[in-house]
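Chemist: Dropping a structure here in structure tokens format, bear with me for questions.
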Amino acid sequence: MDKLVSVVLPTFNGEEFIEQSIESVLNQSYKNLELIIVNDCSSDSTPYIIEEFAKTDSRIKIIHNKSNQKLPKSLNIGFNEANGEYWTWTSDDNYYLDNAIEEMVAYLEENPNKVLVCTDFTNVHIDTNGNSSESEFVVSEKIEDLIYWDSVGACFLYRAEVARSIGGYDESCFKVEDYEYWLRMGLEGEFGTIHKNLYAYRLRPQSLTGTQKLYEVAGKTERLLLKYLPLYLKKYPNLDLKLKCKLRLCFINGEDYKLKELWEKCSLREKRDFYIYLRTCYVSLKDEKYREAIAQISLFYRFKFWIWLLSRKHKLEQS
């Protein structure tokens, strides 16, 4: 018999797209699944919509939070009720292609050494006028990529036994809870990839991604990587680190003096990336050592930084 897959769908005021999201789960070619919908105190018609769906399909279970718990806690509430051997979650404004779950289950069944599989997907960009455009998100299973950016993305499936062993989503990591979870899970085993577009991810002004404050997620992400980079280097000491990871390691180890050495070895393009990394860290972490590092590496970029800072003073004060 096919193994049970648990799909958690947290929602808050998701009336615009949640029907499509739910239908994309129920219409999967892989039928042995349960859909656990966690309504996080929606004030629109979301509760009515999900209750109507539950009347028509016994695979749906609904949980109504008594107060707004936000995404990471809602995920934990949902997975506490999960019975499947494989787990995943989706959002109320995104949707699966019909064979997504089947493809991911087959991969994990054929690759018992993998703890998670993720797939490529389509980003659907929607502007304030409702116009849309698309781009492709290509996932990666390389450890060097995982500690550089969220290379897992939005379409994934992982083993429940591994999830139980590492614990739930970190409720203090709102808006980066998924990336923190992947970084934690990556220390437990290997990831796999399917290079097929099996999911659609909407990027729109009203979404959680679209409403984040300037540099908010950048700061939270940087704190995660400052925490996890040493753990990955301990487990995988021979990683081929990219430039940002090398810079990060200098600050972790208190070896600011190595920044100048790294700078001298950089190409012009790499020097620009070097500067932007330091600038972003200064603004998002509000830490003077990054401003001091900019002053240390280059007189040109020191002036460039102050011009940039003055031109964006008002926006930065609001963030």
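The values are calculated or read from the model by the stated rules, or taken from the named source; none is laboratory data. Since we're looking at a predicted model, the values are computed, not measured. As a convention, Cβ positions derive from the backbone with ideal geometry for all residues, glycine included, and neighbour counts pool all protein chains shown. We work out accessible area using only protein heavy atoms, side chains counted, and drop any ligands, DNA or RNA first. Shrake-Rupley method; radii C 1.70, N 1.55, O 1.52, S 1.80 Å.
Chemist: Give the number of residues within segment 152-183 that are open to solvent by 10 Å² or more (accessible area, probe 1.4 Å) and touching a Gly at 6+ places or on another chain (Cβ under 8 Å).
Modeler: So the count comes out to 1.
Chemist: Taking segment 244-274, which residues are open to solvent by 50 Å² or more (accessible area, probe 1.4 Å) and within 21 Å of Leu146 (Cα to Cα)?
Modeler: Correct list: Lys244, Lys246, Ile252, Asn253, Glu270, Asp273.
Residues checked against (1) touching an Asp or Glu at 6+ places or on another chain (Cβ under 6 Å); (2) among the polar types (S, T, N, Q); (3) in a helix (DSSP H, G or I); (4) touching a residue at least 60 places away in the same chain (Cβ under 8 Å):
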position	(1), (2), (3), (4)
Leu229	no, no, yes, yes
Tyr232	no, no, yes, yes
Asn238	no, yes, no, no
Glu255	no, no, no, no
Leu259	no, no, yes, no
Leu262	no, no, yes, no
Glu270	no, no, yes, no
Tyr301	no, no, yes, no
Leu310	no, no, yes, no
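Chemist: Here's something else I'd like to know. Under the condition of being of a type in the set (Phe, Trp, Tyr) and in contact with a Leu (Cβ under 7 Å, 6 or more places away or on another chain), which residue from segment 172-202 is farthest from Val138 (Cα to Cα)? Spell out how you get there, then give the answer.
Modeler: So the first thing to find is which residues in segment 172-202 are of a type in the set (Phe, Trp, Tyr), and the list is 174, 179, 181-182, 191, 199, 201.
Filter once more, so that each one left must be in contact with a Leu (Cβ under 7 Å, 6 or more places away or on another chain): 174, 179, 182, 191, 199.
Numbers: Phe174: 24, Tyr179: 16, Trp182: 16, Phe191: 14, Tyr199: 12 Å.
This residue is Phe174.
Chemist: Every residue in segment 1-16 that is open to solvent by less than 50 Å² (accessible area, probe 1.4 Å) and either out of contact with any strand residue (DSSP E or B) (no Cβ under 7 Å at 6 or more places or on another chain) or modelled with pLDDT under 95 (or both), please.
Modeler: Across segment 1-16, the qualifying residue is only Gly14.
Chemist: Within segment 142-151, identify whether any single residue is under 18 Å from Val7 (Cβ atoms) and buried (at least 17 other Cβ atoms within 10 Å of the Cβ), and answer yes or no.
Modeler: no
Chemist: A follow-up question, please. I'm checking my understanding of the structure. Among residues of segment 33-74 that are open to solvent by 40 Å² or more (accessible area, probe 1.4 Å) and of a type in the set (S, T, N, Q), which one is nearest to Ile101 (Cα to Cα)?
Modeler: Ser58
Chemist: Among Phe17, Phe12, which is the only one that is in contact with a Cys (Cβ under 9 Å, 6 or more places away or on another chain) and not aliphatic (A, V, I, L, M)?
Modeler: The match here is Phe12.
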